[in-house]
Amino acid sequence: MSRVIAYLVRFAVILFGYIVASLAASAFLNVLFLASLGYAPEHAHPTATASLYFSIPFVALFIAYFAFMPAAIVILISEILSRRDWLFYALAGGIVAAVFLGFVHQNADINFDVTDPRAIAAVIGCGMVGGIFYWLSAGRWAGSWWQAATSPERSGS
């Protein structure tokens with residue numbers, strides 16, 4: 001019974017980490033977008049900052065939706081291999097973003113395709129930021145449930 005609880009807790013931590021990663025990638029994308037328009041923190045109008053309270057979670061929904069399958073595969077691999085280093089998650093986030101871009105290029109209509117090199121770099125950078133934030137919130141303990149389930153039980157130390 002304790003293994004089932006450990007698995008459920010780890011699943012909840014993974015879900016929390018995925019939500020944090022989606023929000024971080026969305027926030028980074030919003031900041032890049034505002035910077036590309038020439039907005040600086042000292043020029044920010046109160047309505048611009050108030051709009052971020054809506055746009056960051058809204059864009060995070062799209063990020064979480066489009067990145068789900070490649071991210072689930074990466075998370076599964078990281079849990080099985082017990083990868084706990086930040087660089088793995090940063091590179092994996094970039095790969096997840098690149099897979100998304102490849103999928104969009106193959107299947108989307110011409111108006112949705114991302115072809116500008118700066119936009120491609122921004123999307124991959126957002127994936128890397130999401131990967132780092134996943135590592136901060138859930139990845140540092142990857143495979144802990146796996147090791148606990150396979151290690152022999154210690155009794156009365």
Could I get the Rg over Rh figure for the range 1-88? Both from C-alpha atoms, Rh via Kirkwood, rounded to two places. 1.12
Note down the magnitude of the dipole of the chain about its Cα centre, charges +1 on Lys and Arg C-beta and -1 on Asp and Glu C-beta and zero elsewhere, to the nearest 20 debye. 560
How many Å² of accessible area per residue for the chain, probe 1.4 Å? 66
In nm, to one decimal, how far is the modelled label at TRP86 from the one at ASN107, with both set 7 Å along Cα→Cβ? 3.3
Expressed as a whole percentage, what fraction of the accessible surface of the chain belongs to carbon and sulfur atoms when a 1.4 Å probe is rolled over the protein heavy atoms? 74
Options GLY127, PRO70, ILE80, ranked by Cα towards positive dipole end of the range 66-137, top entry (Cβ charges): ILE80
Please report, in whole Å³, the volume per residue of the convex hull around the C-alpha atoms of the chain. 152
Average projection area in nm² (convex hull over Cα atoms of the range 8-49, one quarter of hull surface): 3.6
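The values are calculated or read from the model by the stated rules, or taken from the named source; none is laboratory data. Here the structure is a predicted model, which means the values were calculated and not measured. Quick reminder, even Gly has a Cβ in these numbers, built from the backbone with ideal geometry, and neighbours come from all protein chains shown. Keep in mind that these areas ignore ligands, DNA and RNA; they rest on the heavy atoms of the full protein, side chains included. Shrake-Rupley method; radii C 1.70, N 1.55, O 1.52, S 1.80 Å.
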